[in-house]
1. Express the relative contact order of the stretch 7-131 as a whole percentage, based on alpha carbon pairs under 8 Å and six or more residues apart in sequence.
2. Roughly how many Å is it from the Cα centre of the stretch 295-329 to that of the stretch 8-62, as a whole number?
3. Test of understanding: ordering 361, 404 by Cβ neighbours within 10 Å, fewest first, what list do you get?
4. Residue 49 to residue 404: extension gain in nm, 0.36 nm per residue of separation minus the Cα-Cα distance?
5. Roughly how many nanometres apart are two label points built 7 Å out from the Cα toward the Cβ at residue 158 and residue 33?
6. Classify the stretch 7-131 as rounded, prolate or oblate from the Cα gyration tensor: take a ≥ b ≥ c as the square roots of its eigenvalues, call it rounded if a/c is under 1.5, otherwise prolate when a/b beats b/c and oblate if not.
7. For 187, 20, which order do you get if you count the other beta carbons within 10 Å of each Cβ and list the fewest first?
8. Work out, step by step, the length gained on full extension between residue 197 and residue 123: first 0.36 nm times the residue separation, then minus their alpha carbon distance; give nm to one decimal.
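Quick note: the coordinates plus some simple rules give every number you see, no bench work behind them. Keep in mind that this is a model prediction, so the values were computed, not measured. Neighbour counts are summed over all protein chains in view; Cβ atoms, including those assigned to glycine, are modelled from backbone coordinates with ideal geometry.
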């Protein structure tokens with residue numbers, strides 16, 4: 001495996017870093033100040049003018065839709081391995097990915113539409129998403145069941161003539177709070193009597209369809225993530241055309257597996273970027289501050305933490321690159337162990353590094369004067385998003401045991417006699 005970045009990627013890296021320096025880092029304060037001002041006026045759920053101002057600049061710089069590979073609708077798309085260093089850079093600032101039309105859940109939804117939707121659905125929903133004209137949400141998790149097992153979903157999708165009727169309650173529907181959100185991809189059951197993994201289907205639902213109700217926003221450690229939001233959504237007798245079903249009845253679990261692979265690794269790429277920035281902030285803070293007559297950076301406990309942070313970040317990056325390489329070369333299914341491993345490793349690593357950075361900043365670390373508290377909340381949440389750590393560990397263990405079961409069958413066990 002060769003993880004050297006090609007000249008093409010190095011050039012894009014340089015352009016992205018320059019864009020971050022010119023447009024993203026200087027505007028971090030403005031982004032959150034805009035949201036705070038909207039909240040003070042009584043409505044935080046308003047798109048920021050900053051993001052909308054920066055999107056055309058990102059397009060002009062050739063830094064748009066970089067995540068979507070092998071799509072004629074997004075010729076600028078990169079392979080997973082090429083995208084990894086770009087996504088990592090975007091992950092250094094909470095809102096940066098949206099500027100480049102590379103933020104979740106839109107990326108996963110666009111990949112899903114590209115892979116599994118009809119051409120008419122692509123024209124109606126994928127094309128405007130690729131142009132950044134509106135946003136989307138993914139409705140899978142439910143409050144009444146343990147949604148870490150996707151076969152538990154209770155939302156019903158029932159055919160009635162030329163329409164499907166949808167009834168259910170979803171939550172943690174990221175993006176559904178944004179007034180620009182125009183479309184949902186919803187997972188539900190079309191046949192509860194079918195095999196365990198053939199009961200579910202996925203369907204495209206306009207967010208303004210009659211019967212759709214956004215019930216409330218759900219906060220994450222006190223952050224509501226406005227105007228993006230993580231919402232509870234009620235679907236009551238929502239009707240959509242039969243043609244809105246993706247791939248066919250009973251194919252929802254298959255689609256979910258295809259959708260979540262790239263989404264998971266993108267989260268991990270961004271986690272590495274968040275950890276890198278936290279380490280930088282930690283080192284700068286330690287060098288600046290003096291306690292007990294010497295720089296805090298001279299205290300040996302911080303040498304240990306800095307060294308451990310560097311080791312963990314580089315380990316996670318290498319595992320991410322390996323997973324990306326395998327996804328590109330042998331496919332997501334074969335790479336499922338590596339995807340599961342990095343999904344466990346990256347957010348846990350980032351949470352630890354950010355936690356140390358918070359400690360280095362003292363009281364400032366838990367305030368909103370620095371990006372660390374928000375970054376920590378985000379990384380802790382990622383240990384639940386797209387499957388909790390425990391589910392991924394079980395999957396890894398089962399795959400590992402299966403390898404050795406096959407090997408054991410090939411080994412002839414000698415028969416011995418007792419004395």
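1. Values: 101 pairs, mean separation 28.0, N = 125.
Contact order relative to length: 22 percent.
2. 27
3. Ranking 361, 404 by Cβ neighbours within 10 Å, fewest first, gives 404, 361.
4. Gain on stretching residue 49 to residue 404: 122.2 nm.
5. Going by the 7 Å Cα→Cβ label model, 5.4 nm.
6. In terms of gyration-tensor shape, oblate.
7. By the 10 Å Cβ count, ascending, the order reads 20, 187.
8. 23.7 nm
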